[in-house]
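Enquirer: Mind looking over this structure? Questions follow.
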Amino acid sequence: MNSHPLSFFGLQGSHDLAERVAGRLDIALAQHEERNFEDGEHKTRPLQDVRGHDVFVLHSLHGDASASGNDKLCRLLFFCGALKDAGAQRVTAITPYLCYARKDRRTKPNDPIITRYVAAMFEAVGIDCVITLEVHNVAAFENAFRCPTWHIENAPLLAAHFAPLLRDQAVVAVSPDAGGAKRAEQFRQALEHLTRKDVGSGYMEKYRSSGVVSGELLAGDVRGKAVVIVDDLISTGGTLVRAAKACRAAGAAKVFAAAAHGLFVGGAPELFATLALDGITVANTVPAFRVPAKVAARRLTVLDASDAIARAMTACHDGS
């Protein structure tokens, strides 16, 4: 058991999720101050003593109307640096949505590997550990960071949602591209475990170059079955719409889209309008603020990831 007191902070924009996590842990959020200056600069500081504490800071690094992902990244980095300067024994950054996780390799000559640069900035301010949920490529994430990392898989959360919903139906877990096959397989296994029934698998052919997506092949038998298309995040939703239409054309009885992070750029109008999907499910790592409330009420299910984050925090604190 860790002898160092635990302090838990939730920064602006992530306060609701942090409150949910704190409730799971039966603790109060630690107090801090965030100030914005006229020229766009800011400062954040703890309002309580953290010397010798095991400190956790939650901030989901998505852009919204009040701050870009870059702004939130800077705020998290500067605050964690201030905590180390204030004598914190250890600082763990919890980023339910980690920005730039998709840019983890070179796809064009001279491409930046931004995931690695983000990791270097975390290490530069003295962050000791990083907890995140369902990154784009787990191996790339773990290799980018030299400090300890803790990756929370979204598959158990999705499986717990879909198991009672699809218990009496034949189900296929589909990845919208070959690169996400492992993520879909994790969901398939978790769903099989809960339903005690065989769950099929499939994936879509997909190629992307200069923003243009191609590839039409659907591998897997979906005829007459319920399909769950599993991805790490939803941006505009174009990839999921393409996969859903392919599944419908192949005879799927029902089609659902499921992901950890719902960015819903531009409100993702095509995604929410398509009749190819029976529903869309995401976790609450990113608030669905871009989706009109009436549309969200009809088409969107948001799952609470706070329990998974709280369990990761407890394991990290107790194991240190």
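Enquirer: How far is helix 15-25 tilted off the main Cα axis of the chain, in degrees rounded to 10, range 0 to 90?
Expert: That helix lies at roughly 80 degrees to the long axis.
Enquirer: Moving to a separate point now. Given the options A190, L158, G267, identify the residue whose Cα lies farthest towards the positive end of the charge dipole of the range 155-303 (+1 on Cβ of Lys, Arg; -1 on Cβ of Asp, Glu).
Expert: Of A190, L158, G267, it is G267.
Enquirer: May I ask you to derive the FRET efficiency for E33 and A139 from their Cβ-Cβ distance with R0 = 30 Å, giving the value to the nearest 0.05? Don't skip to the end; give the middle numbers.
Expert: On the way: r = 38 Å, r/R0 = 1.28.
The formula returns an efficiency of 0.20 here.
Enquirer: With an 8 Å cut-off on Cα pairs and a minimum separation of 6 or more residues, tell me the relative contact order of the chain in percent.
Expert: 13 percent
Enquirer: Continuing with the same structure: Might you report the magnitude of the Cβ-based charge dipole of the chain about its Cα centre, with Lys and Arg at +1 and Asp and Glu at -1, to the nearest 20 debye?
Expert: 860 debye
Enquirer: Collect residues whose amide H, placed 1.01 Å from N in the peptide plane, falls under 5 Å from the amide H of L303; neighbours closer than 5 in sequence don't count.
Expert: V282, A283, N284
Enquirer: Also, I was wondering about something else. Please report the projected area of the range 78-133's Cα convex hull averaged over all directions, in nm².
Expert: 4.1 nm²
Enquirer: Hey, got the dipole for the range 155-303? About the Cα centre, +1 on K and R Cβ, -1 on D and E Cβ, debye to the nearest 20?
Expert: Numbers: 18 positive and 12 negative charges, 64 e Å.
Rounded to the nearest 20 debye, it is 300 debye.
Enquirer: Between S3, G238, H32, whose Cα lies farthest towards the positive end of the dipole of the chain when Lys and Arg beta carbons carry +1 and Asp and Glu beta carbons carry -1, centred on the Cα centre?
Expert: Farthest towards the positive pole: G238.
Enquirer: If I stretch the segment between M121 and T107 completely, what's the gain in nm (0.36 nm per residue apart, minus their alpha carbon distance), one decimal?
Expert: Here the segment from M121 to T107 would lengthen by 2.8 nm.
Enquirer: Say the dipole of the chain comes from +1 at the beta carbon of Lys and Arg and -1 at that of Asp and Glu; which of G220, L303, G126 then lies farthest toward its positive end?
Expert: G220
Enquirer: Work out the length of the dipole vector of the range 62-122 about its Cα centre, built from +1 on the beta-carbon of each Lys and Arg and -1 on the beta-carbon of each Asp and Glu, and round it to the nearest 20 debye.
Expert: 260 debye
Enquirer: From Cα coordinates alone, what are the radius of gyration and Dmax values for the chain in angstrom?
Expert: Every Cα atom of the chain included, Rg and Dmax give 20.3, 61 Å.
Enquirer: How far is helix 306-319 tilted off the main Cα axis of the chain, in degrees rounded to 10, range 0 to 90?
Expert: With both axes taken from Cα atoms, the answer is about 50 degrees.
Enquirer: Return the ratio Rg/(2.2 N^0.38 Å) for the range 149-266, where Rg is computed over Cα atoms only.
Expert: Compared with the compact-globule rule of thumb, the range 149-266 sits at 1.01.
Enquirer: Let me ask you something else. Scan around F256 for amide H atoms under 5 Å from its own, H built in the peptide plane at 1.01 Å from N, and keep only partners 5 or more places away or cross-chain.
Expert: Result for F256 returns V227, V228, I229, D278.
Enquirer: Sorted by mean Cβ packing within 10 Å, highest first, what order do the peptides 142-155, 34-47, 237-250 take?
Expert: Result, highest mean Cβ count within 10 Å first: 237-250, 142-155, 34-47.
Enquirer: Something else about it: Once you order the gyration tensor axes a ≥ b ≥ c over the Cα atoms, which shape class does the range 9-69 get: rounded for a/c under 1.5, otherwise prolate or oblate by comparing a/b with b/c?
Expert: oblate
Enquirer: So what does the Cα-only Debye profile of the range 74-191 read at q = 0.18, 0.21, 0.23 Å⁻¹, as log10 I(q)/I(0), no solvent term?
Expert: So the normalised log intensities are -0.95, -1.12, -1.25.
Enquirer: Which distance in Å, rounded to a whole number, links the C-alpha centroids of the range 299-319 and the range 11-61?
Expert: Result: 17 Å between the Cα centres.
FYI, it's all coordinate maths here, none of it is from the lab. These numbers were taken from a predicted model, which means no experiment stands behind them. Note that each Cβ is placed from the backbone with ideal geometry, even for glycine, and that neighbours are counted across all protein chains shown.
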